[in-house]
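Engineer: Got a structure here, written out as structure tokens. Questions coming.
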Amino acid sequence: MDNIQKFSLPAIHEGEIPLAFMNTKAAHDQGVILAADVGGTKTNLALFQIQAGDLVPLKEKSYPTKKYKSFLEMVSTFHTDDMPRINGICLGVAGPVIRGKVHGTNFPWAIDSEEISRELHIRSVSLLNDMEANAYGLAALQEKDFETLKYGPKIPGNAALISPGTGLGEAGMFWDGSHYHPFACEGGHCDFSPRNELDIRILQHFQEKYEHVSWERLISGPGILDLYLFLRQINGTMEPQWLTDQMAEGNPSATITSTAIEGKDTVCIETLDLFIRFLAIEAAQLALKFKATGGIYIGGGILPKILSGITREVFYNNFVQSGRLNALLDMVPVKVILNEKTALLGAAYYGAMELQWD
């Protein structure tokens with residue numbers, strides 16, 4: 001399995017980011033856990049064997065989410081007859097989880113933990129918001145899995161996550177004095193707040209297209225493309241044919257950011273700068289709302305790919321820009337999560353800790 005190695009369950013209590021679990025009586029010496037990170041673009045599945053307190057990876061595979069009609073259909077493809085029996089399942093899903101059910105925000109599925117339990121004959125099935133799973137996965141990471149975007153003393157206290165990807169996920173981590181308690185939220189769907197004349201024009205443009213303009217409309221993969229098209233329109237310059245061809249051949253948003261990093265097109269550069277500015281602003285607002293002196297962690301698939309194009313000073317100047325509370329924001333460290341399997345690891349952790357035997 002690429003990028004995933006055996007890791008120890010006790011680390012959740014003893015590591016740099018210690019976590020609390022509701023079920024502290026779970027047996028951690030045996031069992032097989034199916035973990036899933038269900039996103040709008042792709043779904044990662046992995047099978048883990050619990051061996052003497054360690055989670056040992058057995059199999060991992062990624063699937064295009066929208067090509068499957070349901071999670072159960074995907075599992076039937078992943079888990080073949082030659083694999084060991086599954087004892088517990090935990091899914092991290094991009095969407096609000098209500099009473100064990102979730103309708104995907106950026107994909108057409110509905111997932112029901114009771115249905116999964118019934119159809120697969122597995123008693124222990126847990127359903128988490130994908131950002132909550134990301135939070136639990138932080139405990140499995142090492143120093144090499146982070147890149148510091150803004151330094152700070154990391155004063156003991158709450159922490160938060162923000163993850164631009166297909167959408168914009170956010171979550172909090174309440175600090176009780178010794179452990180973190182992750183909790184999900186849907187802050188990415190809160191209203192975008194403009195700060196200057198250009199922002200107001202962006203708001204008006206996006207309102208015409210979407211009516212409700214959330215931060216997710218801007219700080220996401222689709223948001224990068226929308227921002228680029230808006231800036232190209234008001235800039236009045238023709239798109240170079242070579243750029244048109246590259247965008248048609250691959251992911252347009254990825255093409256825009258890579259072109260910006262290479263310095264090949266001024267509109268792409270302006271788009272990337274605006275994306276980073278908006279990310280810094282919303283990350284700071286999240287830090288203020290949660291008083292996240294323990295740090296802001298930026299996840300998702302976008303930031304690790306564009307780190308070389310981020311000017312730390314630009315991020316800092318837009319992050320520490322809240323008037324009387326600048327001193328507080330100056331204390332908050334900001335780190336980018338480099339390990340794309342963090343949510344999958346978190347789901348495996350949670351599934352193992354919540355495992356119930358028949």
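The values are calculated or read from the model by the stated rules, or taken from the named source; none is laboratory data. Here the structure is a predicted model, which means the values were calculated and not measured. A quick note on method: Cβ atoms are made from the backbone with ideal geometry, for glycine too, and the neighbour counts reach across all protein chains shown.
Engineer: Report whether or not Leu325 is free of Cβ contacts under 8 Å to residues at least 40 places away in the same chain and assigned to a helix (DSSP H, G or I).
Structural biologist: The answer is yes for Leu325.
Engineer: Quick test of your reading of the structure: Thr166 fulfils all but one of (1) assigned to a loop (DSSP other than H, G, I, E, B); (2) modelled with pLDDT of 95 or more; (3) under 15 Å from the mean Cα position of the chain (by Cα). Name the failing condition by number.
Structural biologist: Evaluating Thr166 over (1) assigned to a loop (DSSP other than H, G, I, E, B); (2) modelled with pLDDT of 95 or more; (3) under 15 Å from the mean Cα position of the chain (by Cα) leaves (2) as the failure.
Engineer: Name the residue, out of Ala184, Ala159, that is closer than 20 Å to Val332 by Cα, surrounded by 15 or more Cβ atoms within 10 Å (Cβ to Cβ) and touching a residue at least 24 places away in the same chain (Cβ under 8 Å).
Structural biologist: One residue alone meets the criteria, Ala159.
Engineer: Based on this model, can you work out whether Gly300 counts as surrounded by 20 or more Cβ atoms within 10 Å (Cβ to Cβ) and in a helix (DSSP H, G or I)?
Structural biologist: For Gly300, the condition - surrounded by 20 or more Cβ atoms within 10 Å (Cβ to Cβ) and in a helix (DSSP H, G or I) - is not met.
Engineer: Got a number for residues in region 33-61 being within 14 Å of Ala347 (Cβ to Cβ) and among the small types (Gly, Ala, Ser)?
Structural biologist: 4
Engineer: Listed residues Phe174, Phe230, Phe206; which is in a strand (DSSP E or B) and either at pLDDT 95 or above or of a type in the set (Asp, Glu) (or both)?
Structural biologist: Just a single option satisfies the conditions, and that option is Phe174.
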